[in-house]
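The values are calculated or read from the model by the stated rules, or taken from the named source; none is laboratory data. Predicted, not measured: the structure shown is a model, and the values here were computed from it. Using ideal geometry, Cβ is built from the backbone for each residue, glycine included, and neighbour counts are taken over all protein chains shown.
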Amino acid sequence: MSAERNVTREQAQARADRIRAFRDELAAAESDGAVRLTADQRETLDRYHDTLLASLTARFDVDRSAAQHHLSLGLRVVSLLGAVALTAAAVLFFQRIWGFVPSAGQVAIVWAAPLAALWAAQRTSRAERTLYFTALLAVLAFGCFVLDVYVLGSVLNARESPLPLFVWSAFALAVAYAWNLRLLLVGGAVCAIAFCAAVTVTWSQLPWDLFFVRPESLLIPAAAVAATSVAPFNAQRGLFPATLRGVGFGIIALTVVVLSSFGEASRLWLPPRTIEHIYQVAGFAYALLLIGFGVRRGWTETTNIGAALFGLLLFLRFVDWWWDWMPKYLFFATVGAAALAFMFVLRALRRSAAGPHE
Amino acid sequence: MKRLLLGAAAIVCLTNLGALTLGALNRTGPEDAEVTLTERELRLVHDSDSTATTLRMMFVQRFDEAEWLTCPKLATLGVSCAPPPGSDMARWYARQPERQAYVVLEDDGPAWQSYRQAEIRRQEEARRTYKSAAPDNVESLLDGYSRLVAIDADSDAAVLRSRYPDRHRYLIVDARVSIYGRVGPDGNGRTRLSGTITRLSPQTINVPKPYSSVFASMEGSTYAPSAERAPRYWVTLRYGRFHEPWIVNAGRTQ
């Protein structure tokens, strides 16, 4: 494999999948008589692929069969559930012993817990290539750090502040980039967006945690997170760019949906109804932009967010316009007809994106 | 990778050190206030999943003729009582966000006496009007009420402290205020607008060892306000330079 040194696990898995698909297709083509390899050619090709697969397996423990792929998916789900359960166990256990431990002991325990989980994750990562157990321990470390900050605030009777969001974000992102963990990348990105929005909100004398009441404060931080997907440090990070776009564009889409229905939440000095109309138009434009951009760049998640936003905005407008006076069967028939029309548009887009062989 | 993990560990250590330093700074230097409160003002919080001892601060806010958190005061806190032209009034008021402010809580002072007298007077009038509708033991009930009464608010804590210099009677607490429309006309046929303190920050106070032993046998019991049932404990609370409290003494009442 020419560039094997620089590949990520996702890229290695994609290569292994391509080899498997190639072998299946070659066998089908040979049985149809479309192609016939000589024994030498076949042996050379098989040896090349076997060596490549052995190398990828040794380095990344890639899935070499469909059954392995399904089991890997199951492992990821179980790893996530395990991390959540272990974090809950750590929090509840601490609550159970809290009353018996003096303040200094409480602080020492919650300070040491994330460091211990981080150390365990680091040790585990040396012993496994798939990082399922490492991911579990990394999420546990993040949960312990959240508990740490919460307990410190309680012990000191501290006033509420957005600063915990900043340190949680920094911790989650550092661990996510250390092991290419997408779940912690999402956690870090969401905390970073919330922190920036919270700080913006405090400039208006509002309590920091009311940023969801003024959701416009989320727009710029969310756009900034989406923009980092094309940053050079994410270029060799597998699915990180798609994840960052999903978080950034998704939060902008949710904000637009909220403001298109609740104009009072806006900071614009305009009547609420006018604001709602502005965001309705802006929402449709944004959805089309995401679809077009996603199709052109091959960003599947961006296209999907755009399509979902377009459909949701259209449904909400239909409710606004027709729900009160239209017979219900006619309302849903209209929604169905609109969905069909939207499907035709998307199908046309799909054909135009298929290339010259279609 | 190693550098990132060291960075993550450094974030944990710096966060803990930073928080502890801020906590120490709050508690050093001259305190902002020190008061001794009882079970009336600091209620024990019960949580079956936790062995931690925490107290919830209770206070009285007046919505009667002595109400002070009205539109002119709300305006100084950044809350407007005038919706933008053309907006749906009910929707606008319902969606007005809370605001951050400092609130003065007076401990067992003239404001409490005034509130107590007004309540007794109101209950006597109700008893005369509705015969048996009002309770007979109103004074007994009032004895169980918190004697911390909210009397003023401002966005600047220093301004409030200069107005209320007695540090053993007046607490200055970080809080949130919001606006709401009260049912009934204001005398001019309009819905009356009012302010309310929605919560204090912090609202609950952690009880560390050894003071938590004072509350040990009280777990599982609840406090019912009455003259026959005197407060079971007292707590001396000190507020530091960042208006964050901590317990400096606690004991059982005899």
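Where strands (runs of 3 or more DSSP E) fall entirely within segment B:1-77, those with at least 2 residues that are at pLDDT below 90 are at B:42-45. Within segment B:196-228, restricting attention to residues that are away from chain A (no Cβ under 14 Å) and within 24 Å of the chain's Cα centre (by Cα), the residue that is modelled with the highest pLDDT is B:196.
Would you point out the residue of segment B:44-57, among those that are surrounded by 18 or more Cβ atoms within 10 Å (Cβ to Cβ) and not hydroxyl-bearing (Ser, Thr, Tyr), that is farthest from the other protein chains (Cβ to nearest Cβ)?
Per the stated criteria, the residue is B:44.
Taken across segment B:115-130, residues that are modelled with pLDDT of 85 or more, in a helix (DSSP H, G or I) and hydroxyl-bearing (Ser, Thr, Tyr) do occur, with at least one present. Across segment A:224-239, the number of residues qualifying as part of a helix (DSSP H, G or I) and aliphatic (A, V, I, L, M) comes to 5.
What are the residues in segment B:147-184 that are away from chain A (no Cβ under 14 Å) and at pLDDT below 90, if any?
Taking segment B:147-184 first, the residues away from chain A (no Cβ under 14 Å) are B:147-152, B:158-170, B:180-184.
Result: B:180, B:181, B:182, B:183, B:184.
Does at least one position in segment A:200-221 carry a residue that is over 22 Å from residue A:260 (Cα atoms) and modelled with pLDDT of 90 or more? No, there is no match, as no residue in segment A:200-221 is over 22 Å from residue A:260 (Cα atoms) and modelled with pLDDT of 90 or more.
Looking only at residues that are polar (S, T, N, Q) and under 22 Å from the mean Cα position of the chain (by Cα) in segment A:96-147, which one is nearest to residue B:18 (Cα to Cα)?
Narrowing segment A:96-147 to residues polar (S, T, N, Q): A:103, A:106, A:122, A:124-125, A:130, A:134.
Subset that is under 22 Å from the mean Cα position of the chain (by Cα): A:130, A:134.
Numbers: A:130: 36, A:134: 29 Å.
It comes out as A:134.
Regarding residue A:145, is this residue among the aromatic types (Phe, Trp, Tyr), within 11 Å of chain B (Cβ to nearest Cβ) and not in a helix (DSSP H, G or I)? Spelling it out, it is not the case that residue A:145 is among the aromatic types (Phe, Trp, Tyr), within 11 Å of chain B (Cβ to nearest Cβ) and not in a helix (DSSP H, G or I). Taking the conditions (1) at pLDDT 85 or above; (2) within 13 Å of chain B (Cβ to nearest Cβ); (3) buried (at least 20 other Cβ atoms within 10 Å of the Cβ); (4) over 21 Å from the mean Cα position of the chain (by Cα) in turn, residue A:191 satisfies each one other than (4).
May I ask you to list the residues in segment B:40-70 that are of a type in the set (Val, Ile, Thr) and in contact with a Ser or Thr (Cβ under 7 Å, 6 or more places away or on another chain)? Correct list: B:45, B:53, B:54, B:60, B:70.
Restricting attention to segment A:149-188, the residues that are farther than 27 Å from residue A:242 by Cα and more than 7 Å from every other protein chain (Cβ to nearest Cβ) add up to 6.
Which one of these is facing another protein chain (nearest Cβ under 9 Å), of a type in the set (Lys, Arg) and surrounded by 14 or more Cβ atoms within 10 Å (Cβ to Cβ): B:40, B:99? Checking each option against the conditions leaves just B:99.
If I filter segment A:155-164 for residues that are in contact (Cβ under 8 Å) with a residue 40 or more places away in the chain and buried (at least 21 other Cβ atoms within 10 Å of the Cβ), do I get at least one hit?
yes
Quick check on segment A:52-75. Is at least one of its residues within 14 Å of residue A:17 (Cβ to Cβ) and modelled with pLDDT of 85 or more? There is at least one residue in segment A:52-75 that is within 14 Å of residue A:17 (Cβ to Cβ) and modelled with pLDDT of 85 or more. Contact annotation: residue pairs with Cβ atoms under 9 Å, 6 or more positions apart or on different chains, pairing a residue in segment A:240-263 that is under 17 Å from residue A:319 (Cβ atoms) with a partner that is of a type in the set (A, V, I, L, M) and outside any helix (DSSP H, G or I), are A:263/A:270.
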